[in-house]
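Inspection log for the structure reproduced underneath, given as structure tokens.
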Amino acid sequence: MNQYLHKYLVLNQKLSIPDVGNLIIEPHGAQLDVNNGLLFAPAPALHFKQEPTATADKFFYDFLAQEMGVDEVVAIRSFHDYLYTVKSALNTPQGAHLSGIGQLRKENNGYILFTPETTLNELMPQVKLSPAYQLPQKEVAPLPDDDDAHRELTEQEEEDIRELLGQESQEGKADYWWVYAIILLLIGIGALLFYYV
């Protein structure tokens, strides 16, 4: 049964285990570790959400019957038998092992812990970037320990900082919203004249 569940999960990105929770495959993009010059490959991550689930849907049972090569009633019975063994195994200290997916184990407080089997990140190691693609390391000057670092900035200092950052000053910035309003008014009048004349 595990191979059918694994195949269904991979094909549909979600598998509901009634009265236990949902297994969901979520895509994660590539990650760049600038400090160490490493690039991690994009890989999907398998997550478990313990939430109330309805019984499996007809689409799942049709899939299961087709994969097992039996009629739907036999597939449903086989799944419910398997589900009973999973729920029974959850209450043991070892938990339930879903081959190809991971391990489910119930805590004393009723919370179910999920440990996935080997992730794709472990199968696809990180790539070391060549120095040409690495960002140059900047040295950061240490902050002074005196009270100067905690004082308020004067207006002139704020203006200088804005100038360095390429931002416009608060004083020199005018509000021209009325120009856009007049342009829209003229366009509206022009459209009315064109329509009625």
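Only the coordinates and a few stated rules stand behind these numbers; no lab work does. These figures come from a predicted structure and were not determined experimentally. No Cβ is skipped: glycine too gets one built from the backbone with ideal geometry, and neighbour counts run over all protein chains shown.
Values as computed for the structure displayed
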| item | result |
| --- | --- |
| Which listed residue, of 40, 48, is surrounded by 15 or more Cβ atoms within 10 Å (Cβ to Cβ), touching a residue at least 60 places away in the same chain (Cβ under 8 Å) and more than 19 Å from residue 2 (Cβ to Cβ) | 40 |
| Hits in the stretch 60-76 (condition: charged (D, E, K, R) and either touching a Ser or Thr at 6+ places or on another chain (Cβ under 8 Å) or in contact (Cβ under 8 Å) with a residue 24 or more places away in the chain (or both)) | 67 |
| Residue that is surrounded by fewer than 12 Cβ atoms within 10 Å (Cβ to Cβ) and more than 24 Å from the chain's Cα centre (by Cα), where the choices are 62, 33, 81 | 81 |
